[in-house]
Amino acid sequence: MVQQSDTVAAGRPAPAAAAAPPDEPLDRAQVEQTQRQRQQQQEDEERERRASEPPYVPQRRVVHVDLKGAPPTVEYLARMFPIISRLGGTDLMIEWEDMFPFSGALRSAAARNHYSRAEVRRILAEARRNGLQVIPLVQTFGHLELFLKLEPFAHLRETPAQPAALCPSRNESHRLVELIVDQVMEMHKDAPYLHIGCDEVYQMGLCRLCQHRLRDELYLEHVARVARYVRRRHAVTPLIWDDMMRHIPAEALRRSGLGQLVEPMVWVYAEDVYRFAGRHVYEAFAEVFPRVWAASAYKGAFGETLVVPPLRRHLDNTLNWLDVMRQEGPKFTDGFRGLVLTGWQRYDHFAVLCELLPAAVPSLAIGLVTASNGFFNSSLRKPLYEALHCRAADDDPFFDLEEDPEGFSFFSFCRFPGVAFYKYVGRYKNMITQTEEFLKTAGESKGWMTEYNVNRNYTNPFRVDEVLEMFYGTKYSLTSAIGSAKAALKGVMDRFTVAEWVEQKIYPYLQRVERLFEQGQALKRRSAWLRRPLPMLQALAQYGLNVTEAEPPTVTRRRRHVRPGGGGQHGT
């Protein structure tokens, strides 16, 4: 929309437009510089605005610990809890998933390396000893793969092909949810809250029992039923993720009764919080819910296969959430209850590992000290450095997240639990970069071991040795990295997690390097080659490149003879 000038808006005629200057080519560099200056000016103005307002500190600062299929050792968690408490954490939100020791009809859902009941009790005791209240999290609608992937529960899926969402129209579905809740709460009897999930329920209203119902009605009815059970049976307050309600009108939310049953937790992990949860979300929620929670992230948000979190992006996410909470909190009767710093271990039950907890300790510490003080600058260096046991003189410069976005140049000199793996990840990233450069150079950039050369077994053997010159050094780096990963994760993660991490992050590169070497050796075994043009690839026939031109027949021409004195006649 073109904005009107004040003159036109006031009803007065606008002055005649000046003659437009002749078109001139835009200087791209100048335009980009102008854009950067404007962006920098906006960021400076935003920082000044924040500095002029009193810091906003959430009432509760909750650290989410996701345990899906990759349990840290109990000893490692016990060493982390004092750091969380020291940096201002008030609660832990533990997502046990398949690490919980389910029993009876649910026993088959527990992973083979799940925590024992004694280990769960010790984790909870260590949390209490450090002043951290535990909020258990269980899924009760979507993300129920740990149960629905199994044959005994497969019939409860909303759609047979998707083991994520539960059919809400079956009584047996509700009995499953109640059994899950009962077993988890039996070990969390002093918990004031239970997070019942209910996010990303993408499969709804699809089965024969649900297809005649509106999706929003199905969702709200199921959540209300679970929440009433949780309140009645266990006398705790249910929390839910908010994403499935952002589009639902306030009137529909009011009719569902959820305002008296649950407390929503608004989650956005991107830097621009309002882009994904705009002001209208809080306005609608404030008409229904007296209080609300927020959730940022310290890991598991910017890439399904990352090995270390980008510190600046997570810090900006948390800072922007504090600003949103300050602005939107007054709309609610009781404001925001708290901020949860989520730390996802996988994007869902079937996904591969993203950042492991020890690689994310600096990100967690920065996010937590920020939430506990309402800002982040060099004045927080002392509590941050002391909590992570960092060696730094008072006159040392504060670390620069622009120059070092993952913090390796500074946090590698700290002594927090798991720092050996954090340092290892820094070396690992450099090693993988070098390995990818070798593979790209050998298989793509150079002209003797490309896919075409390998498929046609057609190359210069001398050049193959040249291309594979870095093979032995690269293979040694990769095999050494496996042993280093085992050593760095000893006492931190269980052996199954170590093996899974190695299989996902190192072994594929080792296979590619060895396959390349084998291809090179096969190419070198040939000692005679076809003349060009080589036969056409038959797979290209579908593109009209299968026309094989017949070679012209060999014609034997008769020699011309001239008879002596024959007047130039050709002989026959």
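The values are calculated or read from the model by the stated rules, or taken from the named source; none is laboratory data. All of these numbers come straight from a predicted model, not from anything done at the bench. In this analysis, Cβ positions are derived from the backbone assuming ideal geometry, glycine residues included, and neighbour counts consider all displayed protein chains. Calculation scope for accessible area: heavy atoms of the full protein, side chains included, ligands and nucleic acids excluded. Shrake-Rupley method; radii C 1.70, N 1.55, O 1.52, S 1.80 Å.
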Legend entry - Complete set of residues in the range 302-331 that are of a type in the set (F, W, Y) and open to solvent by less than 10 Å² (accessible area, probe 1.4 Å): W321
Inset, instruction - Take the residues in the range 145-164 that are among the aliphatic types (A, V, I, L, M) and closer than 18 Å to E95 by Cβ, then tell me which one is surrounded by the fewest Cβ atoms within 10 Å (Cβ to Cβ). - result: A164
Inset, instruction - With respect to E271, determine if the residue is of a type in the set (D, E), outside any loop (DSSP other than H, G, I, E, B) and over 28 Å from I123 (Cα atoms). - result: no
Inset, instruction - Please specify each residue of the range 184-223 satisfying the condition of being surrounded by 18 or more Cβ atoms within 10 Å (Cβ to Cβ) and among the polar types (S, T, N, Q). - result: Q203
Legend entry - The one condition in (1) charged (D, E, K, R); (2) buried (at least 23 other Cβ atoms within 10 Å of the Cβ); (3) more than 26 Å from the chain's Cα centre (by Cα) that K299 fails to fulfil: (3)
Inset, instruction - Being open to solvent by 80 Å² or more (accessible area, probe 1.4 Å) and farther than 12 Å from A522 by Cα is the filter; apply it to the range 444-462 and report the residue that is farthest from the chain's Cα centre (by Cα). - result: F462
Legend entry - Among (1) assigned to a loop (DSSP other than H, G, I, E, B); (2) more than 23 Å from A110 (Cα to Cα); (3) in contact with a strand residue (DSSP E or B) (Cβ under 9 Å, 6 or more places away or on another chain), the one test that M265 misses: (1)
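Residue-wise test of (1) aliphatic (A, V, I, L, M); (2) in a loop (DSSP other than H, G, I, E, B).
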site	(1), (2)
N113	no, yes
A118	yes, no
I123	yes, no
Q139	no, yes
H155	no, no
A165	yes, no
Inset, instruction - Answer yes or no as to whether E178 is assigned to a strand (DSSP E or B) and open to solvent by less than 60 Å² (accessible area, probe 1.4 Å). - result: no
Inset, instruction - Search the range 114-133 for residues that are over 15 Å from Y76 (Cβ atoms) and pair each with any residue that is surrounded by fewer than 13 Cβ atoms within 10 Å (Cβ to Cβ) when their beta-carbon atoms are under 9 Å apart and the residues are at least 6 apart or on different chains. - result: R117/S103; L124/D190; R128/D190; Q133/D190; Q133/P192
Legend entry - Selection count, the range 463-476, where residues are open to solvent by less than 50 Å² (accessible area, probe 1.4 Å) and over 26 Å from P535 (Cβ atoms): 4
Inset, instruction - Report yes if some residue within the range 266-273 is farther than 26 Å from L311 by Cα and of a type in the set (G, A, S); otherwise report no. - result: no
Legend entry - Positions within the range 114-142 being among the charged types (D, E, K, R) and either open to solvent by 60 Å² or more (accessible area, probe 1.4 Å) or modelled with pLDDT under 95 (or both), in sequence order: R117, E119, R121, R122, R128, R129
Inset, instruction - Check whether at least one residue in the range 344-352 is crowded, with 23+ Cβ neighbours inside 10 Å and of a type in the set (A, V, I, L, M), and report yes or no. - result: no
Legend entry - Residues of the range 48-80 classified as farther than 30 Å from W501 by Cα and in a loop (DSSP other than H, G, I, E, B), total: 7
Legend entry - Condition met for Q504 (of a type outside the set (V, I, T) and within 18 Å of F421 (Cβ to Cβ)): yes
